[in-house]
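A short worksheet on the structure shown next.
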Amino acid sequence: MANRTGTYVAFDGLGQTDPSKSDFRYYSTIQAWAAGKHFDFKYVNSHDKTYAVRDSSLRSTLESRIRERLAASKNCLVILSEDTRKNGSMLSYEIEQSVDRYGLPLIITYVGYEQILAPSKLFSRWPSVLAHRIYNDLAKAIHIPFKKSAINNAISQFSIQDNRLSGSLSHYSLEAHRDLGCA
């Protein structure tokens, strides 16, 4: 088994070639947090562990690279926005592989929320493959707001090596949100 230290970040590219018009911008925010000298945010980016691919690459090449990256990952951070599609994006493949093939815990982060206290109420943002895995309790997942402190905490806490998640609808308590500065 590969050295599973990375966090795989999955998001919907929304079929855009301009990253500023897709959920790539949230991935870029995470990269900026990790690169910033004034931020206490550390993670190993699984996307940096293999050769880069282009949007124009063959689907089979993209899928192969995704599998390599997931095999080196300890968890999968799934970014969901109001624009995330139900079907038709590589995000569906990434979620399917993360859960079904690699058994990775999912850290599902929602853009535009301060707290996530009832994740089932956010089902409208879930791609179909995610909804299936949540409703059938196939995924171990925590649902958190897209906030630096919450993401940093979850990445450091939930991994395939020490997965303390008991189900598919786990979330932080109101007190934990407050402790993380998300309340």
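The values are calculated or read from the model by the stated rules, or taken from the named source; none is laboratory data. Not measured: the values here are computed from a predicted model. Backbone-built Cβ (ideal geometry, glycine too); neighbour counts: all protein chains shown. All accessible areas refer to the heavy atoms of the entire protein, side chains included, with ligands and DNA or RNA removed. Shrake-Rupley method; radii C 1.70, N 1.55, O 1.52, S 1.80 Å.
A few comments on the model shown:
- For segment 111-183, the orientation-averaged shadow of the C-alpha convex hull comes to 4.9 nm² (one quarter of the hull surface).
- Whole-angstrom gap from segment 150-177 to segment 64-136, using each part's C-alpha centre: 14 Å
- Estimated [θ] at 222 nm from DSSP helical runs (n ≥ 4, -39500 (n - 2.57)) normalised by residues in the chain, nearest 500: -9000 deg cm²/dmol
- Once backbone amide H atoms are built at 1.01 Å from N, SER168 has ALA141 as its partners under 5 Å, excluding neighbours fewer than 5 places away on the same chain.
- Residue of ASN87, ASN136, ASN153 that the Gaussian network model of the chain assigns the largest fluctuation, springs spanning Cα pairs under 10 Å: ASN136
- Here the chain carries DSSP beta bridges of which approximately 0% are antiparallel, counting only pairs with both residues inside.
- For the chain, the solvent-accessible area of protein heavy atoms averages 50 Å² per residue (probe radius 1.4 Å; ligands and nucleic acids excluded).
- Volume per residue that the Cα convex hull of segment 51-135 spans, once the total is divided by residue count, Å³: 114 Å³
- Taking GluC sites (Glu not before Pro) in DSSP loop conformation with at most 15 other Cβ atoms inside 10 Å as exposed sites, the chain has its longest uninterrupted site-free stretch at 1-81.
- Share of carbon and sulfur in the accessible heavy-atom surface of the chain [1.4 Å probe, %]: 49 percent
- What the Cα atoms of the chain give is an Rg and a Dmax of 15.2, 46 Å.
- Within the chain, the longest segment free of exposed loop sites, counting trypsin sites (Lys or Arg not before Pro) that fall outside DSSP classes H, G, I, E and B and have at most 10 other Cβ atoms within 10 Å, spans 55-183.
- Note, ³J(HN,Hα) from phi for segment 84-95, Karplus 6.51, -1.76, 1.60, rounded to Hz, x at Gly and Pro: 4, 7, 6, 8, x, 10, 5, 4, 4, 5, 4, 5
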